[in-house]
Amino acid sequence: MREGNFMGKEQDILRMRELERVLEHHSYKYYIENNPEISDKEFDELLAELQRLEAAYPEEADRNSPTKRVGSDLTSEFESVEHRYAMMSLSNTYSAEELGEWIDRIVREIGQVEFVAELKFDGTAISLTYENGALLRAVTRGDGKRGDDVTNNVRTICSVPLKLRGEGYPSLFEIRGEIIMPYASFDRLNSEREAAGEPLLANPRNAAAGTLKQQSSQVVARRGLDCTLYQLAGDNLPFTTHAESLEKAKEWGFSISDHRAICRTREEIETFINYWDTERKSLPYATDGIVIKVNGYAEQRSLGATAKSPRWAVAYKFQAERAVTKLLSVDFQVGRTGAVTPVANLEPVLLAGTVVRRASIHNADQIALHDIRIGDMVYVEKGGEIIPKITGVEFSERSAESQPFEYITHCPECGSELVRVEGEAKHFCPNSRGCKPQIIGRIEHFVKRKAMDIEGLGSETIELLWQNDMLHNIADIYGLDSGQIAALPRLGEKSAANIQQGVERSKEVPFERVLFALGIRFVGETTAKYIASHFRTLDAIMAASRDELAEAEEVGAKIADSIVDYFADEDNRAIIELLRQAGLQFEVREKRKDSNALSGKSIVISGKFAGRSRDDMKAIVEAHGGRNIAAVSANVDFIVAGDNMGPAKRQKAEKLGITILSETEFFAMIEGAEGAENNAESVEVIEADVAMETQTMAKTEASSEASSEASVAAEAEQVVQGTLF
Ligand code: IVH
């Protein structure tokens, strides 16, 4: 059903306002209350309806429309904005004694008071400004006085209300909290990075801070961030206590943690701390302490603040979980990309409920920095990190005979001399064709479920085939002989048939997964999808220059370089040819046609579009029988121009007299032609698909968290070079 055809503009606009309200309500039910009233499908249908209306009336789209949750691929420079109220930090304490002294000081100064104890969320701080109940701005802490405007990115976080519920909120106020990445999102992100051969992110705090500073809000939308709020700021806030402000904020639709308590004595505060020191381990997000705040606003005012932090609040930090144990030896693991990772073997020690035998020591620089030596008693920490790591040495216990650690110079697997690439902390083994773990690793990657999904080829079988000289590279998989496989020890007719069947089936695996399976460095599952949908064929990717590659969504210079290097390698090209002969999918299979509205038309899609990516637009062209053309020439029928269409392109089009359509005109054209064709469904099918995908990607379990912010620079994604333990 196409509203625009049946109702007037006025009704459409009313419907847009209604859809905004309804969608915001259901987002709240889903993300904040965890109690959805409608199915995901129904939600997606409503969202798709709103997206259609916004495409028809872009000028009527609300800046806080629920469609903004999906993000856009517009890159943004973050504008630096001054905080209306400085974002202070908290003074920290690590011991019950210090905390006791803080409490005593307050009681001495202003008498008995109530405290609120709450969780200290380990993420990155954010300040949200609401004006007349609508999100106006989201700003990072920055240096406390000025921060970066990250509003577009924050809008994609589904637990941040774009419009407030209920009533009684001040017409202008700020609410502060923490952007956090729940463990589930963090783990998912790291497994994607691992599969792409990218360095892992050290902890959810860095991952949240790095994500928030992503240039593309689409990327942010997919990463599953969450936001929990804990402090209001404004002139004449209508409350007398902090606890009351949080209760009200919750009614207005904010995600406010219930894990807090009003405490009147030191003992009550300690009970809360002790309880959460253990219980926090079962929370779905990271916390690193407890924040204790004086409850009354009047008391807060009379206590005031130092230059850096308020006197009415303090953070009690949990001890990072740490143990001391002996470093027995260091192994060097060689990954499929040739990267060498040192892994410490430890005398088993109990840490945070698990026995730790291995820990990460990152790379040669870290070993040198901490002067870590074999035989040392070392500190092992689990902090917010998932991988235990060595954080230092207990020098007082160092034996007099200990020798400085000498990092290896040659590959422990194949003996090749290791190389160091500029800008990378790791050593690499350059012998990619002859080094066993690299060969086996590439084949393991190729056959795994998310890649070619070849059943029967487990790690042991791959190794066995390699040992028997039957498998040296991924192309050999397609020349395997069932008889020979069956004759191998531990394998038999049945395994051989199973492998053969898996190999045959893999020839139907869609192109994007084939591209991922090749194991090009930095080309993970998602990136492969974007590249495949942008270039459509492997030949086009192989022919593309670095700059052309970087034009595809999600592809930056680093990925583009890696792709160029991969295809420049002769061995790789030979393997590609063998895979082509084997019959693998080297092209995107064309989608079912939804109409012939654009049949015979050659179309250039250019610029950035409001609700969709360029590749989505191209898919729409194809689904309606049109042909996508990259360059403007006399053969082009028309150009669909979004924002920022290149001036050169525009000039050329004007010179050739080619029609330039806006996004809205383009859809109107499809609709018009379709109307004539009497072909009702169509754009909707695709649009709903897109909407559904983004909606699903954006949804993760509703939860909350927060952090301390060392420096804005540290908000860049810090990585840990390590393997998962
Ligand atoms: S209150 C003026 N409450 O920890 C104090 N902060 O350095 C306003 N944090 O900057 C902050 N959980 O980023 C407060 N429940 C909580 C918190 C919290 C985490 C962060 C916040 C703050 C840092 C302390």
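The values are calculated or read from the model by the stated rules, or taken from the named source; none is laboratory data. On a predicted model such as this, the values are computed, not experimentally measured, just so you know. Heads up, the Cβs are rebuilt from the backbone with ideal geometry, glycines too, and the neighbour counts pull from every protein chain shown. Areas reflect the complete protein model, heavy atoms only, side chains present, ligands, DNA and RNA absent. Shrake-Rupley method; radii C 1.70, N 1.55, O 1.52, S 1.80 Å.
Conditions (1) under 22 Å from residue 24 (Cα atoms); (2) in a strand (DSSP E or B), marked per residue:
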site: 188; (1), (2): no, no
site: 205; (1), (2): no, no
site: 215; (1), (2): no, no
site: 220; (1), (2): yes, no
site: 229; (1), (2): yes, yes
site: 237; (1), (2): no, no
Subject >> region 636-659: number of residues that are surrounded by 15 or more Cβ atoms within 10 Å (Cβ to Cβ), within 14 Å of residue 608 (Cα to Cα) and touching a Lys or Arg at 6+ places or on another chain (Cβ under 7 Å) >> reply: 1
Original post:
Can we say residue 237 is within 16 Å of the ligand (Cβ to nearest atom) and open to solvent by less than 10 Å² (accessible area, probe 1.4 Å)?
Top reply: no
Subject >> Wholly within region 293-366, strands (runs of 3 or more DSSP E) carrying at least 2 residues that are crowded, with 20+ Cβ neighbours inside 10 Å and more than 16 Å from the ligand (Cβ to nearest atom) >> reply: 322-334, 339-351, 354-360
Subject >> helices (runs of 4 or more DSSP H) wholly inside region 467-579 that include at least 1 residues being closer than 30 Å to residue 220 by Cα and either open to solvent by less than 40 Å² (accessible area, probe 1.4 Å) or touching a residue at least 40 places away in the same chain (Cβ under 8 Å) (or both) >> reply: 511-517, 525-535, 538-543, 546-550, 557-568
**OP:** Could you list all residues from region 490-504 that are aliphatic (A, V, I, L, M) and over 12 Å from residue 480 (Cα atoms)?
**Re:** 491
Original post:
Hey, any hits in region 259-281 for a residue that's within 13 Å of the ligand (Cβ to nearest atom), part of a loop (DSSP other than H, G, I, E, B) and on the phi < 0 side of the Ramachandran plot?
Top reply: yes
Original post:
Listed residues 18, 97, 37, 42; which is without any contact (Cβ under 8 Å) to a residue 24 or more places away in the chain, closer than 30 Å to residue 265 by Cβ and open to solvent by 40 Å² or more (accessible area, probe 1.4 Å)?
Top reply: 97
**OP:** Select, from 63, 69, 84, the only residue that is loosely packed, with under 14 Cβ neighbours inside 10 Å and either at pLDDT below 95 or away from the ligand (no atom under 16 Å from the Cβ) (or both).
**Re:** 63
**OP:** Identify the single condition in (1) charged (D, E, K, R); (2) farther than 30 Å from residue 490 by Cβ; (3) not in a loop (DSSP other than H, G, I, E, B) that residue 463 does not satisfy, given that it satisfies every other one.
**Re:** (2)
Original post:
Quick one: residue 290 ticks every box in (1) open to solvent by 30 Å² or more (accessible area, probe 1.4 Å); (2) among the hydrophobic types (A, V, I, L, M, F, W, C); (3) within 31 Å of the chain's Cα centre (by Cα); (4) within 12 Å of the ligand (Cβ to nearest atom) bar one, so which box is it?
Top reply: (1)
Original post:
Among the strands (runs of 3 or more DSSP E) confined wholly to region 101-161, which include 1 or more residues that are more than 22 Å from residue 258 (Cα to Cα) and within 16 Å of the ligand (Cβ to nearest atom)?
Top reply: 124-131, 134-140, 146-148
